[in-house]
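Asks: This is the structure I want to talk about, given as structure tokens.
The values are calculated or read from the model by the stated rules, or taken from the named source; none is laboratory data. Being a predicted model, the structure only gives us computed values, none of them experimental. We place every Cβ from the backbone using ideal geometry, glycine too, and count neighbours over all the protein chains shown. For the accessible areas, the whole protein counts, side chains as well, though only heavy atoms, and no ligand, DNA or RNA atoms are used. Shrake-Rupley method; radii C 1.70, N 1.55, O 1.52, S 1.80 Å.
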Amino acid sequence: AARPAQRAEVGRLSVAAHRRQLADPAFRDELLHWTGAEADRPDGVPARAAGPAPAPHDRWVVRDFTGGTARTRVPGRDAEDEPLLAALIPHVTGPAAEVRAGEAMQRVLLTATVDGLAVSFLSQLVEVPDVREELRTLVGAARPPVAVLRIGRGWPTTRTPRRPLADLIRP
């Protein structure tokens, strides 16, 4: 279990990484390309599924996936202040380890869904290399995390589009 100081440091690292990413014009352009998409597009996050706008009082980073069309948050539907945090850290490297890590994450996501929990990714913690290394050191892991999850109570959202299976399989 994380100590309060560790939890606070993870929060600080996620805010720092988030701000660095938003300061990068290329990152902002790519984020806008994949978010706030039209409803008929087969990929990306449509604005209707993006959830409410981040609020200044949020204790954890909330990315704006609305493509700049953020919706007003419904009163009483704030993000949970003390979610469970989970880091996925493989013990070995290589393609087989990556598949096993993906399977482990799949199990966590499906189990949380069955239990009525919401899961979101604190992706900036693994997307910014020096922050990922700081997090590895903070949790005392031999290898860096490949994903960090925030697990707690949430509010239903509209599902995002899925590509047709035929688009994903090579003949």
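Asks: How about the range 55-69: which of its residues are open to solvent by less than 50 Å² (accessible area, probe 1.4 Å) and either part of a helix (DSSP H, G or I) or modelled with pLDDT under 75 (or both)? Even if it seems obvious, please write down each step before you answer.
Replies: Restricting attention to the range 55-69, the residues satisfying the condition of being open to solvent by less than 50 Å² (accessible area, probe 1.4 Å) are 55, 58, 60-63, 66-67.
Answer for the range 55-69, where residues must be open to solvent by less than 50 Å² (accessible area, probe 1.4 Å) and either part of a helix (DSSP H, G or I) or modelled with pLDDT under 75 (or both): 55, 58, 66, 67.
Asks: For residue 103, indicate whether it is in contact with a helix residue (DSSP H, G or I) (Cβ under 7 Å, 6 or more places away or on another chain), in a helix (DSSP H, G or I) and not hydrophobic (A, V, I, L, M, F, W, C).
Replies: Values: in contact with a helix residue (DSSP H, G or I) (Cβ under 7 Å, 6 or more places away or on another chain): no; in a helix (DSSP H, G or I): yes; not hydrophobic (A, V, I, L, M, F, W, C): yes.
For residue 103, the condition - in contact with a helix residue (DSSP H, G or I) (Cβ under 7 Å, 6 or more places away or on another chain), in a helix (DSSP H, G or I) and not hydrophobic (A, V, I, L, M, F, W, C) - is not met.
Asks: Scanning the range 30-54 for residues that are within 19 Å of residue 163 (Cα to Cα) and open to solvent by 60 Å² or more (accessible area, probe 1.4 Å), which turns out modelled with the lowest pLDDT?
Replies: 39
Asks: Something else: Could you grab me the full set of residues in the range 91-124 that are of a type in the set (Ser, Thr, Tyr), modelled with pLDDT under 95, within 27 Å of residue 153 (Cα to Cα) and open to solvent by 40 Å² or more (accessible area, probe 1.4 Å)? It would help to see each step written out before you state the result.
Replies: So in the range 91-124, the residues of a type in the set (Ser, Thr, Tyr) come out as 93, 111, 113, 120, 123.
Still in the list and also modelled with pLDDT under 95: 93, 113, 120, 123.
Then keep just the ones that are within 27 Å of residue 153 (Cα to Cα); that gives 113, 120, 123.
The one that is of a type in the set (Ser, Thr, Tyr), modelled with pLDDT under 95, within 27 Å of residue 153 (Cα to Cα) and open to solvent by 40 Å² or more (accessible area, probe 1.4 Å): 113.
Asks: Additional query: Among the numbered criteria (1) over 21 Å from residue 143 (Cα atoms); (2) open to solvent by 80 Å² or more (accessible area, probe 1.4 Å); (3) modelled with pLDDT of 90 or more, which single criterion is violated by residue 27?
Replies: Among (1) over 21 Å from residue 143 (Cα atoms); (2) open to solvent by 80 Å² or more (accessible area, probe 1.4 Å); (3) modelled with pLDDT of 90 or more, residue 27 violates only (2).
Asks: Provide a single number: the residues in the range 125-160 that are open to solvent by 60 Å² or more (accessible area, probe 1.4 Å) and within 27 Å of residue 20 (Cα to Cα).
Replies: Residues in the range 125-160 being open to solvent by 60 Å² or more (accessible area, probe 1.4 Å) and within 27 Å of residue 20 (Cα to Cα): 12 in total.
Asks: Now, a different point. Can you tell me which residues in the range 77-90 are over 11 Å from residue 154 (Cα atoms), of a type outside the set (A, V, I, L, M) and at pLDDT below 90? Full working, then the answer.
Replies: As a first pass, look at the range 77-90 and keep what is over 11 Å from residue 154 (Cα atoms): 81-82, 84-90.
Remaining after also requiring of a type outside the set (A, V, I, L, M): 81-82, 90.
Those that are over 11 Å from residue 154 (Cα atoms), of a type outside the set (A, V, I, L, M) and at pLDDT below 90: 81, 82.
Asks: Within the range 118-129, is there a residue that is in a helix (DSSP H, G or I) and farther than 17 Å from residue 15 by Cα? Write out each step before concluding.
Replies: Taking the range 118-129 first, the residues in a helix (DSSP H, G or I) are 124-127, 129.
Those left that are additionally farther than 17 Å from residue 15 by Cα: none.
The answer is no; no qualifying residue exists.
Asks: Which residue pairs have Cβ atoms closer than 9 Å, lie 6 or more positions apart in sequence or on different chains, and pair a first residue in the range 123-139 that is within 12 Å of residue 89 (Cα to Cα) with a second residue that is open to solvent by 30 Å² or more (accessible area, probe 1.4 Å) and among the basic types (Lys, Arg)?
Replies: Pairs found: 126/132; 136/143.
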